[in-house]
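Report on the structure given below.
The values are calculated or read from the model by the stated rules, or taken from the named source; none is laboratory data. In this text, all values refer to a predicted model and were calculated from it rather than measured experimentally. No Cβ is skipped: glycine too gets one built from the backbone with ideal geometry, and neighbour counts run over all protein chains shown.
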Amino acid sequence: MPQVFVILGSMVKLTNPLALIGRTFLHFLAMAGQFAIFMGKAVGHVFRPPFYFGQIGQQCLTIGYYSLPVIAMTALFAGMVLALQSYTGFSRFNAESAIANVVALSITRELGPVLAGLMVAGRIGASIAAELGTMRVTEQIDALTTLSTNPMKYLVVPRLLAGTLTMPLLVLVADVIGIMGGYVVSTVSFGFNAANYLHQTWDFLEPIDIISGLVKAAVFGFIVTLMGCYCGYHSKGGAAGVGNATTSAVVLSSIVILIANYILTGMFFSK
Amino acid sequence: MTTPPKIRLTNVTKSFGPKRVLNGVTLDVAKGESVVIIGGSGTGKSVMLKSILGILRPDGGQIEIDGENCVGLSGRARDAHDKKFGMLFQGGALFDSLPVWQNVSFKLLKSMRMPKKDAKDIALQKLAAVGLSADVAELYPAELSGGMQKRVALARAIAANPEIIFFDEPTTGLDPIMADVINDLIVKCVRELGATAMTITHDMASARKIADRIAMIYQGQIIWQGPRYEIDLTDNPYVDQFIHGRADGPIKMQVLKA
Ligand SMILES: Nc1ncnc2c1ncn2[C@@H]1O[C@H](COP(=O)(O)OP(=O)(O)OP(=O)(O)O)[C@@H](O)[C@H]1O
Ligand SMILES: [Mg+2]
């Protein structure tokens, strides 16, 4: 019988909710600090030579160019479903004419950058974390330093730059394709006048709608690549560690994207 | 004034959590000398080399290169420190995204910014020195056997003619003939290029061939060191047991009795 109490006692200790919360919180603080230092270092290295232009170009290709199909598909269907939803919803109070505006505004301000950011988090954040994580556990990152190459400059900076610079371009493409998706559904399925629709879209859009979306895109690109690099760079313990790093990279960057999105929207549009 | 030793470790300690791996390592390596480190598996040999390289940060003690402290360097000082070294990692640590020749000439290409053609020539030459032909140069590390990877890693470590070269088990996983070719190559690096070398090995034949001096590490300390020929004369029971590979003696392996 006494053993039962000992076991129960240690279970309480292990599962004590306060201890768990405390431990999680401390762990979170430690990680946030480490992350902030990593970010500071990475950004510092962006501006100091040597620059590995070959790496930067290659990363722009993998992060930007090869993400185009995914982003295009996402944007196309987002635009189409927006038109569809607005039509069925707005017809209840005879406001179908607002579809063009709704599509354009939603895509440029919100859905373009956010969906692109989340897709890129899945595609790029994961692959960066896995690649750097594997390099970490197989000592390739250590090998870089013994070959007089700073891993921050060689591995992290090119990815950060590529993410931050190509994401706005991707989102610009997403904006165009998304609006086109809405246009196709509205004109083909709902019989809108094509010229009218385009006119309405064009007249209604303000530069700030598009610019805010592009700024968001740059921030999201930075978040995704930085988080991927951070998680991969600090992974430890073989294949399982790399797996964890990959998961954390995707989950964390997705959450941070959504939070940053709210903050940025507030900064741009709250008067 | 006497010139300081190339590498000097004084009372270096390093723990991982509760586990004390280096427990006051003290060792001098003179310029142009080849020192072989022997010792049981898991006694901290690789950790010692990584501490000197600055990959791991020791908890205590001093590490000096050319008389200058090199613990916790950053920025330019760290770059200058890294430039002096070539390292063969125990696991190879080849860049699997690059073909073999770019691995070998990595430092020449990325750090010294040598033109591609010259770098490739040097890479091919170094690959030939470790017994690999030119058609291996275009392959990727994943397409090589374990022994071939080890030799590529070795070629990479010596490609830029560093002042100090560390070899972590250079002949493990190689056939005896190739192992001897590698031994000759290491000797050549030291004798002809004047490099200072530290080599970790379990292969006593190799140790006898490449060492000027041998040091044995046990329980995180250097328990014996001396010129190569003395290793067979010493009456140190630990060294004696180790070089003759006997299961019984003062060194107890942590094996649970069935
Ligand atoms: N990054 C690390 N984190 C935690 N423990 C480590 C780490 N690196 C090494 N160790 C521990 O330090 C000890 C010494 O490791 P080290 O790799 O130096 O052994 P070694 O002497 O090179 O052995 P071997 O001859 O098998 O290569 C081991 O017990 C290992 O568990
Ligand atoms: Mg080792």
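General observations
- Here residue B:58 meets each of (1) surrounded by 18 or more Cβ atoms within 10 Å (Cβ to Cβ); (2) within 16 Å of ligand 2 (Cβ to nearest atom); (3) not β-branched (Val, Ile, Thr) with one exception, condition (2).
- Residue check for residue B:126: touching a helix residue (DSSP H, G or I) at 6+ places or on another chain (Cβ under 6 Å), more than 16 Å from ligand 2 (Cβ to nearest atom) and farther than 25 Å from residue B:210 by Cβ: no
- Only one of B:14, B:83, B:19, B:31 that is in contact with a Lys or Arg (Cβ under 6 Å, 6 or more places away or on another chain) and of a type in the set (D, E, K, R): B:31
- Helices (runs of 4 or more DSSP H) within segment A:138-238 that include 3 or more residues more than 14 Å from every other protein chain (Cβ to nearest Cβ): A:157-184, A:194-204, A:207-233
- Some residue of segment B:95-103 being in contact (Cβ under 8 Å) with a residue 12 or more places away in the chain, more than 15 Å from ligand 1 (Cβ to nearest atom), assigned to a helix (DSSP H, G or I) and of a type in the set (Phe, Trp, Tyr): yes
This table checks each residue for (1) of a type in the set (Val, Ile, Thr); (2) within 16 Å of ligand 1 (Cβ to nearest atom); (3) buried (at least 19 other Cβ atoms within 10 Å of the Cβ); (4) modelled with pLDDT of 95 or more.
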position	(1), (2), (3), (4)
B:134	no, no, no, no
B:137	no, no, yes, no
B:140	no, no, no, yes
B:146	no, yes, no, no
B:151	no, no, yes, no
B:158	yes, no, yes, no
B:161	no, no, no, no
B:170	no, yes, yes, no
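- Residues satisfying the stated conditions in segment B:205-214, i.e. under 18 Å from residue B:90 (Cβ atoms) and either surrounded by fewer than 22 Cβ atoms within 10 Å (Cβ to Cβ) or within 12 Å of ligand 1 (Cβ to nearest atom) (or both): B:207
- Candidate set from segment B:19-50 (those that are free of Cβ contacts under 8 Å to residues at least 40 places away in the same chain and more than 9 Å from ligand 2 (Cβ to nearest atom)); member that is farthest from the other protein chains (Cβ to nearest Cβ): B:28
- Among the residues listed as B:54, B:72, the single one being on the phi > 0 side of the Ramachandran plot and away from ligand 1 (no atom under 16 Å from the Cβ): B:72
- Yes/no for residue B:34 being closer than 25 Å to residue B:212 by Cβ, near ligand 1 (Cβ under 9 Å from one of its atoms) and surrounded by 16 or more Cβ atoms within 10 Å (Cβ to Cβ): no
- Verdict on residue B:117 being away from chain A (no Cβ under 14 Å) and more than 30 Å from residue B:14 (Cβ to Cβ): yes
- When we screen B:137, B:160 for residues that are assigned to a helix (DSSP H, G or I) and more than 16 Å from ligand 2 (Cβ to nearest atom), the only hit is B:137.
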